[in-house]
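Report on the following structure.
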Amino acid sequence: MGAERESIMDGTTLAAPASALDLRADAHVHTGFAAGRDSVGVVVSAADRAGLTALTFADQVGPDTTWLPAYADAVRRARRRTEITLRVAAEVEIVQQDGWLAWPADLGNLEAVSVAISRLPLADGPAGAREVRALLTAGRLVPEQVAEIVVTATIRGVERASRYAPTQLARPLSLLAHVGIDDSAVTPEILGALAEACRSTGTAVEISEAWRSPSPRVIAMLREADVAMVAASDARYAAEVGHWQYLRRV
């Protein structure tokens, strides 16, 4: 993204207090612009049928993304045809241990940022789940070390992202499950540091229906720490928008 820049927007978020999770608002959905399958209009229609009052579009972006203006325009056009509150956001990946994110070239169209970490940021670059499992098997990494790297990079990532736009944390700690590590490897002290970072930056933690993340244990600890949380289907198909099973259980 180049040099650090000032916040792009001072707008409000959809975050609710931890004690009042609003299942009428879906804080993370995808469209055919990136990881999803359906158009913005089709997703909005599905949200209306599901009885939602608010929807955040958070398609995956990166340095090579060129479609953000068209994406934002599609959401703005949809606003004229619905009473649902629609927000233009994007999912941005943490790619370095210092929390640096794979920003698109222009953030001007975004009203929020959803921060994600799906590969382990190591000193020589991000490692996928298969590579991390191999490193664990070889004894070059241990579970507690991986957990600390994930949480530390996440903390630094939300601190960076919150300088530019209202920030959400997508599917926190889901990478641990993908590499076969139970989130008990995340100590209360480390999780407390993550909670403090979320509170101090105004970052809302997404409880992801699709990823079943975070776990009930982590949700309980975040709730105890008064961290704001939002319901997120992470839907890739319109039919998944605003439908909750995992969230109702936890």
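Observations
- Residues whose placed amide H lies under 5 Å from that of Leu141, excluding near-sequence neighbours: Leu136
- Under-5 Å amide H pairs with Glu91, H placed in peptide plane, nonlocal only: Asp59, Gln60, Val61, Ser114
- Label-to-label distance, nm, for residues given as His243 and Trp100 (7 Å Cα→Cβ offset): 4.1
- For Ala129 and Thr53, the FRET efficiency from 1/(1 + (r/R0)^6), where r spans their Cβ atoms and R0 equals 30 Å, is about 0.25.
- Angle between the chain longest axis and helix 143-161 axis [Cα atoms, degrees, rounded to 10]: 40
- Counting only Cα atoms, the size of the chain along its three principal axes is 55, 41, 32 Å, in decreasing order.
- Under Karplus coefficients 6.51, -1.76 and 1.60, residue-wise ³J(HN,Hα) of segment 45-59 in Hz, glycine/proline x: 4, 5, 5, 5, 5, 7, x, 7, 10, 8, 8, 10, 7, 9, 5
- Within the listed set Pro69, Pro143, Pro126, the Gaussian network model of the chain (springs between alpha-carbon atoms below 10 Å) gives the highest mean-square fluctuation for Pro69.
- Principal-axis tilt of helix 68-79 within the chain, Cα atoms, nearest 10 degrees: 50
- Mean separation of Cα contacts under 8 Å (6+ apart) over length of the chain, as relative contact order %: 26
- Bridge type composition, the chain - antiparallel percent by DSSP, nearest 5: 20
- Span from the segment 44-70 Cα centroid across to the segment 166-212 one, whole angstrom: 22
- Here the contact order of segment 84-197, divided by its residue count and restricted to Cα pairs under 8 Å and six or more residues apart, works out to 30 percent.
- Between Glu148 and Ala225, the modelled labels are 1.7 nm apart [label points 7 Å from Cα along Cα→Cβ].
- Extension gain, Arg24 back to Arg217 (0.36 nm per residue minus Cα-Cα distance, nm): 67.1 nm
- Accessible area per residue in Å² at 1.4 Å probe, computed on segment 92-158: 42
- 3J(HN,Hα) along segment 101-106: 10, 7, 5, x, 5, 10 Hz, from the Karplus curve 6.51 cos²θ - 1.76 cosθ + 1.60 with θ = phi - 60°, whole Hz, x for Gly and Pro.
- Lys, Arg +1 and Asp, Glu -1 on Cβ, resulting dipole of the chain about Cα centre, debye, nearest 20: 640
- Ala165 long-range amide H proximity, modeled H, under 5 Å: Ile8
- Segment Glu159-Arg199, length gained on full extension (0.36 nm per residue, minus Cα span): 13.3 nm
- Applying the Karplus relation 6.51 cos²θ - 1.76 cosθ + 1.60 with θ = phi - 60° to segment 82-95 yields 3J(HN,Hα) values of 8, 8, 5, 6, 10, 10, 8, 9, 8, 8, 10, 8, 6, 10 Hz, where x marks Gly and Pro.
- Percent accessible area from carbon and sulfur atoms, segment 91-209, protein chains only, probe 1.4 Å: 49
The values are calculated or read from the model by the stated rules, or taken from the named source; none is laboratory data. Computed from a predicted structure; not experimentally measured. Cβ: placed from backbone, ideal geometry, glycine included. Neighbour counts: every protein chain shown. All accessible areas refer to the heavy atoms of the entire protein, side chains included, with ligands and DNA or RNA removed. Shrake-Rupley method; radii C 1.70, N 1.55, O 1.52, S 1.80 Å.
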